[in-house]
Amino acid sequence: MEFDVVIVGGGPSGLSAAIRLKQLNAELSVCVLEKGSEVGAHILSGAVIETRSLSELLPDWKEQGAPLLTPASDDRFMFLTKSKAITLMTPPQMNNHGNYIVSLGNFTRWLGQQAEALGVEIFAGFAAAEVLYNDDGSVKGVATGDMGLGKDGQPTANHTPGVELWARQTIFAEGCRGSLTKALFDKFDLRRDCEDQTYGIGIKELWEVDPAKHKPGTILHTVGWPLDTQTYGGSFLYHLENNQVAVGFVVGLDYANPHLSPFDEFQRFKTHPAIRPLFEGGRRISYGARALSEGGLQSIPKLSFPGGVLVGDTAGFLNVPKIKGTHTAMKSAMIAAEAVAEALGHDGGSNEVVAYPERLKKSWVWSELHEVRNIRPSFHWGLWGGIAYAALETYLFRGKMPWTLHHHSDHLALKKAADCPKIAYPKPDGVVSFDKLSSVFISSTNHEENQPAHLKLRDAAVPIAINLEHYDAPEQRYCPAGVYEIIRNDDGSNPRLQINAQNCLHCKTCDIKDPTQNINWVVPEGGGGPNYPNM
């Protein structure tokens with residue numbers, strides 16, 4: 001199938017690119033590939049959205065019925081100890097006046113409707129599994145994965161071959177740690193002049209709470225307990241409409257203690273005496289997790305290459321101090337679309353669209369990220385060092401420091417298990433805290449069991465010989481879905497790694513945090529994974 005532009009990923013950035021392309025030239029043929037069962041099925045975020053990019057893309061979004069229903073009304077920021085909650089001054093970057101608390105999944109579904117109304121073809125349930133190249137080495141497009149392969153890789157009776165989608169330009173909007181984007185990094189050496197990306201894992205639940213406790217528009221962020229002061233992270237708690245509350249926890253994946261479990265830290269957080277009462281008597285509706293690209297400006301790779309560009313979170317435009325990335329991801333995609341449309345009009349081929357990164361560096365996205373570039377890496381000095389440095393940058397220097405702080409590779413941060421204290425997590429109470437498997441159940445995650453594993457080990461001996469021996473098998477804890485499990489004989493002998501791939505939430509944490517980078521996450525059959533209803 002041939003198109004002018006193929007877009008890999010039906011999230012906010014991919015759909016923004018598609019809409020802008022059609023606004024600029026209705027004659028362009030534009031296709032969006034989405035690996036989820038529907039647009040929005042794999043979308044998960046807090047989320048509080050800043051509407052700057054949306055207003056630039058679709059100025060009449062209110063009249064068009066965009067699902068931005070709950071204006072932010074009350075910002076609170078607290079430091080937690082084990083038993084107390086101390087109110088802190090809310091940093092200016094976290095001032096949400098004029099923003100909206102949303103379900104990003106529902107917002108993305110609405111964007112998909114706007115794109116289709118303009119003539120964009122959206123193929124949901126089709127995972128882009130391979131980058132295709134022309135004879136000159138430029139990107140030719142992508143191929144979707146085969147459907148109906150058995151675990152042995154052989155076709156079953158339900159086999160359907162993948163499809164090649166050729167394009168004059170291909171826009172990669174895969175989200176955090178995109179599997180095809182990783183291949184492009186290597187093919188075109190796109191990370192040569194930038195720092196390693198650093199990540200966080202965000203874990204979220206959606207609750208329906210007692211109407212008497214519900215305060216639409218209320219926003220709460222916390223730092224401190226249950227994390228120690230050397231581990232980056234914190235919580236968010238947002239009151240949406242319809243008595244719903246989004247609650248979540250983010251842990252920086254540069255943490256050092258291999259005994260730490262981000263999932264269990266989140267469950268423990270909800271038991272805090274300042275947090276627990278909100279959820280008592282309520283009902284947990286949904287659960288999910290995803291990784292976040294936290295590196296900011298210094299970790300942005302080269303964005304263009306012959307035949308394609310990178311946009312959104314696959315490149316890494318999250319503004320960490322704001323705890324927002326949707327507006328920057330959308331704007332990056334809009335700028336890319338404008339440059340691609342112009343290039344196609346001029347040369348009509350697969351040349352490199354160098355105008356995209358040039359224009360991006362002149363945009364408000366670049367200025368916004370430049371101003372806050374040092375805040376996330378300052379937390380390598382711990383919670384109090386990071387807060388002190390962030391205050392200096394924010395109030396005194398206003399982002400105009402003449403230096404740039406550096407990041408470190410997350411997978412190299414783990415210390416040996418024997419050198420770190422074990423963490424005793426309380427058992428879930430089934431009221432406000434839960435186990436992993438019951439959580440995965442309400443994510444509506446599903447994979448066809450008889451298919452090749454999409455979690456691949458480069459060396460089958462490493463999980464026991466290195467991960468278990470030196471790090472006490474940290475994949476059992478950093479995965480928020482119980483995918484990785486050490487199985488032993490009844491007498492405790494013969495440990496082996498069992499991979500429960502059907503549980504996978506597609507968060508990519510294993511691909512990021514594995515200490516030897518032995519786990520390679522690739523796309524499963526299209527349509528597999530979570531089916532988030534309102535996340």
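The values are calculated or read from the model by the stated rules, or taken from the named source; none is laboratory data. In this text the structure is predicted, and so the values were computed from the model without any measurement. We place every Cβ from the backbone using ideal geometry, glycine too, and count neighbours over all the protein chains shown. In case anyone asks, the SASA skips ligands and DNA or RNA and just uses the protein heavy atoms, side chains included. Shrake-Rupley method; radii C 1.70, N 1.55, O 1.52, S 1.80 Å.
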Checklist entry - What number of residues within the range 34-55 are closer than 18 Å to GLN114 by Cβ and outside any loop (DSSP other than H, G, I, E, B)? => result 6
Next on the checklist: Suppose we filter PHE269, PHE263 for residues that are touching a Cys at 6+ places or on another chain (Cβ under 9 Å) and open to solvent by less than 10 Å² (accessible area, probe 1.4 Å); which single one remains?
Outcome noted: PHE263
Checklist entry - Only one of (1) outside any helix (DSSP H, G or I); (2) surrounded by fewer than 23 Cβ atoms within 10 Å (Cβ to Cβ) fails for GLN23. Which number is that? => result (1)
Checklist outcome for this item: With criteria (1) surrounded by fewer than 18 Cβ atoms within 10 Å (Cβ to Cβ); (2) in contact with a helix residue (DSSP H, G or I) (Cβ under 8 Å, 6 or more places away or on another chain); (3) part of a helix (DSSP H, G or I); (4) not small (Gly, Ala, Ser), GLN114 comes up short on (1)
Checklist entry - For LYS215, are the conditions met, namely being touching a strand residue (DSSP E or B) at 6+ places or on another chain (Cβ under 8 Å) and in a strand (DSSP E or B)? => result no
Item to check | Residues satisfying the stated conditions in the range 29-52, i.e. open to solvent by less than 20 Å² (accessible area, probe 1.4 Å) and within 16 Å of ILE101 (Cα to Cα) | outcome: LEU44, GLY46, ALA47, VAL48, ILE49
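Determine whether ASN520 is touching a strand residue (DSSP E or B) at 6+ places or on another chain (Cβ under 8 Å) and open to solvent by 20 Å² or more (accessible area, probe 1.4 Å). Let's see the steps before the verdict.
Details: touching a strand residue (DSSP E or B) at 6+ places or on another chain (Cβ under 8 Å): yes; open to solvent by 20 Å² or more (accessible area, probe 1.4 Å): yes.
Criteria met by ASN520.
Yes or no: the range 526-535 includes at least one residue that is part of a strand (DSSP E or B), touching a residue at least 12 places away in the same chain (Cβ under 8 Å) and among the aromatic types (Phe, Trp, Tyr). Steps first, answer last, please.
Step one: of the range 526-535, the residues part of a strand (DSSP E or B) are 529.
From what's left, touching a residue at least 12 places away in the same chain (Cβ under 8 Å): 529.
Keeping just the survivors that are among the aromatic types (Phe, Trp, Tyr) gives none.
No, the range 526-535 contains no residue that is part of a strand (DSSP E or B), touching a residue at least 12 places away in the same chain (Cβ under 8 Å) and among the aromatic types (Phe, Trp, Tyr).
Being farther than 24 Å from SER45 by Cα and under 23 Å from the mean Cα position of the chain (by Cα) is true for just one of LEU457, LEU437. Which residue is that? First the steps, then the outcome.
Numbers: LEU437 fails: farther than 24 Å from SER45 by Cα.
Selected residue: LEU457, the only one of LEU457, LEU437 that is farther than 24 Å from SER45 by Cα and under 23 Å from the mean Cα position of the chain (by Cα).
Looking at PRO306, is it in contact with a Gly (Cβ under 8 Å, 6 or more places away or on another chain), open to solvent by 20 Å² or more (accessible area, probe 1.4 Å) and more than 21 Å from GLU56 (Cα to Cα)? Can you show your working first?
Details: in contact with a Gly (Cβ under 8 Å, 6 or more places away or on another chain): yes; open to solvent by 20 Å² or more (accessible area, probe 1.4 Å): yes; more than 21 Å from GLU56 (Cα to Cα): yes.
Yes.
Please go through the range 410-420 and pick out each residue that is part of a loop (DSSP other than H, G, I, E, B), touching a helix residue (DSSP H, G or I) at 6+ places or on another chain (Cβ under 8 Å) and closer than 25 Å to GLY288 by Cβ. Walk me through how you get there before you give the answer.
Taking the range 410-420 as the starting set, the residues that turn out to be part of a loop (DSSP other than H, G, I, E, B) are 413-416, 420.
Filter once more, keeping what is touching a helix residue (DSSP H, G or I) at 6+ places or on another chain (Cβ under 8 Å): 414, 416.
Hit for the range 410-420 is LEU414, nothing else.
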Checklist entry - If ARG109 passes every condition in (1) touching a residue at least 60 places away in the same chain (Cβ under 8 Å); (2) open to solvent by 50 Å² or more (accessible area, probe 1.4 Å) but one, which one does it miss? => result (2)
Checklist entry - Is it fair to say ILE512 is under 18 Å from the mean Cα position of the chain (by Cα) and either β-branched (Val, Ile, Thr) or open to solvent by 20 Å² or more (accessible area, probe 1.4 Å) (or both)? => result yes
Checklist outcome for this item: Within the range 144-180, residues open to solvent by 10 Å² or more (accessible area, probe 1.4 Å), assigned to a strand (DSSP E or B) and at pLDDT 95 or above come out as THR144, GLU164, TRP166, ALA167, ARG168
Checklist entry - Counting residues that are farther than 27 Å from LEU88 by Cα and open to solvent by 20 Å² or more (accessible area, probe 1.4 Å), which helices (runs of 4 or more DSSP H) fully inside the range 319-396 reach at least 3? => result 326-346, 355-360, 364-371
Item to check | Where GLU342 falls short, out of the listed (1) farther than 22 Å from ARG191 by Cβ; (2) under 16 Å from the mean Cα position of the chain (by Cα) | outcome: (2)
Item to check | Filter result (touching a Pro at 6+ places or on another chain (Cβ under 9 Å) and either modelled with pLDDT under 95 or of a type in the set (Ser, Thr, Tyr) (or both)) within the range 212-268 | outcome: TYR255, SER261
Checklist entry - Looking only at the range 43-68, which residues are at pLDDT 95 or above, of a type in the set (A, V, I, L, M, F, W, C) and within 23 Å of the chain's Cα centre (by Cα)? => result ILE43, LEU44, VAL48, ILE49, LEU54, LEU57, ALA66, LEU68
